[in-house]
Amino acid sequence: MSEFNLQNLVRVNVQKLQPYSSARDEYKASGTEMIFLDANENPFENGVNRYPDPQQRDLKSALAKLKNVKEEQILLGNGSDEVLDLIFRAFCEPGVDNVITLPPTYGMYKVLAEINNIENREVLLTEEFQLDVKSILKSVDEQTKLLFICSPNNPTGNAFDARDIKTILENFNGIVVIDEAYIDFSSYETWIGFLDLYPNLIITQTLSKAYGMAGIRLGVCYASSAIISVLNKIKPPYNVNELTQQKALERVLAVDEVFDEVESILEERNRLMIALQEIKFIKEIFPTDANFVLVKVDDANERYQELIEKGIVIRNRTTQPPCENTLRFTIGTSEENKKLVEALKEIDN
């Protein structure tokens, strides 16, 4: 890879932008109890009458220790979708630049490209759901700013070969965004340890999956301090609310409980995959590094509707090539998984 130049990727208007700054950004806490008369808030204390910390310092400090990174290498967002949108807006000029996505994959990449008026160049995964590296690199031109890799991938469940990802990182002068929403369920290591080696690397994670906090909407971005500085320029000043920060911090500090729950989910995943082998209309069970299993069936639309009628909601992925006639089962509790298997057996008869 030729020398990476971040400034060549940042939109010109973002380079010139003077970001909004609140008084809470401008002072540093001295340990003295402060009187806040800066933000036109209601002064009567109720736990949420003050604006939240715009830099989420306590939460970032806990995440930095957990992930072994610096606090300035972390950006937090209102769900991963806000983080991804900020990346589009920082680096892609509407109507000019393009990004590369790798279907079948997380559908919001395409939606965000369309919202931001960015060309989305799709390069299909191979029939084995792996990266087609040659085709990916052939799709790159001077206006290609971002490349999105979801690993472990949604909806296929598999993690991608690390050698292929390294090849892309070393041969693409744009930014590679590795979406690790499901990394806690994977036997593969996170790419966070490679941030210092690859300045064009962004990693997104979430508290919605393994941490069980989908309801609070907390997405995390790890990257070089230079990239995080660019994203901080354009993020809304108070994008992560106080209640989300509090609940997220509690959960991050209780990481042993999270690990125990992940182990339980993995055990249930193994049991479910064994049980699915007995269902005759399931033609193939794909390997998975996530908290879900993708299977190929005889008729996905019919089987999906039959499960709905039995009160079980799954995901029909048959519209995504090459996922024709596939269904995706999220791993539930032991009782939920038993009910799923029972319903599948009833349908199978």
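What the table below lists for this structure:
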{"read-out": "Top-ranked residue of the stretch 69-93 - restricted to ones that are in contact with a Lys or Arg (Cβ under 9 Å, 6 or more places away or on another chain) and in a loop (DSSP other than H, G, I, E, B), ranked as surrounded by the most Cβ atoms within 10 Å (Cβ to Cβ)", "value": "Cys92"}
{"read-out": "Residues being open to solvent by 100 Å² or more (accessible area, probe 1.4 Å) and under 20 Å from Tyr304 (Cα atoms) - total across the stretch 269-279", "value": "2"}
{"read-out": "Residues within the stretch 244-279 that are of a type in the set (D, E, K, R) and in contact (Cβ under 8 Å) with a residue 60 or more places away in the chain, tallied", "value": "4"}
{"read-out": "Count of residues meeting criterion [more than 19 Å from Asn239 (Cβ to Cβ), among the charged types (D, E, K, R) and either at pLDDT below 95 or part of a loop (DSSP other than H, G, I, E, B) (or both)] in the stretch 39-65", "value": "1"}
{"read-out": "Single match in Leu75, Leu84 (criterion: in contact with a Cys (Cβ under 8 Å, 6 or more places away or on another chain) and within 26 Å of Glu189 (Cβ to Cβ))", "value": "Leu75"}
{"read-out": "Of the criteria (1) within 13 Å of the chain's Cα centre (by Cα); (2) buried (at least 22 other Cβ atoms within 10 Å of the Cβ); (3) not hydrophobic (A, V, I, L, M, F, W, C), which one Ser208 fails", "value": "(2)"}
{"read-out": "Residues within the stretch 306-317 that are over 22 Å from the mean Cα position of the chain (by Cα) and open to solvent by less than 70 Å² (accessible area, probe 1.4 Å), tallied", "value": "5"}
{"read-out": "So Thr126, is it within 30 Å of Ser187 (Cβ to Cβ), touching an Asp or Glu at 6+ places or on another chain (Cβ under 9 Å) and surrounded by fewer than 18 Cβ atoms within 10 Å (Cβ to Cβ)", "value": "yes"}
{"read-out": "Residue count for the stretch 140-168, restricted to those that are of a type outside the set (S, T, N, Q), surrounded by fewer than 20 Cβ atoms within 10 Å (Cβ to Cβ) and farther than 29 Å from Thr318 by Cβ", "value": "6"}
{"read-out": "Hey, Ile100 modelled with pLDDT of 95 or more, in a strand (DSSP E or B) and either closer than 21 Å to Tyr182 by Cα or open to solvent by 70 Å² or more (accessible area, probe 1.4 Å) (or both) or not", "value": "yes"}
{"read-out": "Residue in the stretch 16-33 that is touching a residue at least 12 places away in the same chain (Cβ under 8 Å), surrounded by 14 or more Cβ atoms within 10 Å (Cβ to Cβ) and either under 30 Å from Pro155 (Cα atoms) or hydrophobic (A, V, I, L, M, F, W, C) (or both) present", "value": "yes"}
{"read-out": "Residue that is within 27 Å of Ala214 (Cβ to Cβ) and either without any contact (Cβ under 8 Å) to a residue 12 or more places away in the chain or among the acidic types (Asp, Glu) (or both), where the choices are Lys138, Lys60, Lys65", "value": "Lys65"}
{"read-out": "Pair list, Cβ < 6 Å and 6+ apart or interchain, from the stretch 280-305 residues that are open to solvent by 70 Å² or more (accessible area, probe 1.4 Å) to residues that are part of a strand (DSSP E or B) and not small (Gly, Ala, Ser)", "value": "Lys283/Lys296; Glu284/Lys296"}
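The values are calculated or read from the model by the stated rules, or taken from the named source; none is laboratory data. What you are looking at is a predicted structure, and each value in this text was computed from that prediction instead of being measured. Cβ coordinates were reconstructed from backbone atoms using ideal geometry, including for glycine residues, and neighbour counts include every protein chain displayed. SASA here: full protein model, heavy atoms, side chains in, ligands and nucleic acids out. Shrake-Rupley method; radii C 1.70, N 1.55, O 1.52, S 1.80 Å.
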